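The values are calculated or read from the model by the stated rules, or taken from the named source; none is laboratory data. Just so it is clear, the structure is predicted and the values come from calculations on it, not from any experiment. Because the Cβ atoms are built from the backbone with ideal geometry, glycine has one as well, and the counts that use them run over all protein chains shown.
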């Protein structure tokens, strides 16, 4: 398994958009407002309930700025989102990405952080990256952040951007 030698370097051969880990970790540590874990796509019970893209839409419309995507191998080499190893229903990554693209900045220009919990095989990781690139396009933050700065970038710096960690 390839790995980055330095935290600022992208993982060699990684399909995850060529983003380096450093700025993302620095940004999430800098934001300063609390994030709590919740399964946005689950409408009821986290062990056997139904899932829906509506949970993501509802969270974004309420101003949520950090979303977790539990990505797993799906049929036809298309990644799916579900609460793994449970009886919850599954939703397509593509439908979630489309909803994020449409609703991410409806109520706030501040950045949206996508925390991808990746359980996909390498082939579906490439599909995952392609779906994100094609669906979210220029909204994805891909620039380098000057790590020699004495002050970390503020959320203002990332307005209108989606950060994938």
Based on what the data block shows, is residue 94 touching a helix residue (DSSP H, G or I) at 6+ places or on another chain (Cβ under 8 Å), surrounded by fewer than 14 Cβ atoms within 10 Å (Cβ to Cβ) and at pLDDT 95 or above?
no
Whether any residue in the stretch 100-117 is in a strand (DSSP E or B) and surrounded by fewer than 16 Cβ atoms within 10 Å (Cβ to Cβ) is what I want to check.
yes
All conditions in (1) closer than 16 Å to residue 160 by Cα; (2) at pLDDT below 95; (3) surrounded by fewer than 18 Cβ atoms within 10 Å (Cβ to Cβ); (4) in contact with a helix residue (DSSP H, G or I) (Cβ under 8 Å, 6 or more places away or on another chain) are true of residue 57 except (1)
Which count do you get for residues in the stretch 123-158 that are assigned to a loop (DSSP other than H, G, I, E, B) and either modelled with pLDDT of 95 or more or in contact with a strand residue (DSSP E or B) (Cβ under 6 Å, 6 or more places away or on another chain) (or both)?
1
Within the stretch 118-150, the count of residues that are surrounded by fewer than 16 Cβ atoms within 10 Å (Cβ to Cβ), farther than 19 Å from residue 162 by Cβ and touching a helix residue (DSSP H, G or I) at 6+ places or on another chain (Cβ under 8 Å) comes to 2
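Without any contact (Cβ under 8 Å) to a residue 40 or more places away in the chain and over 19 Å from residue 74 (Cα atoms): does that describe residue 148?
yes
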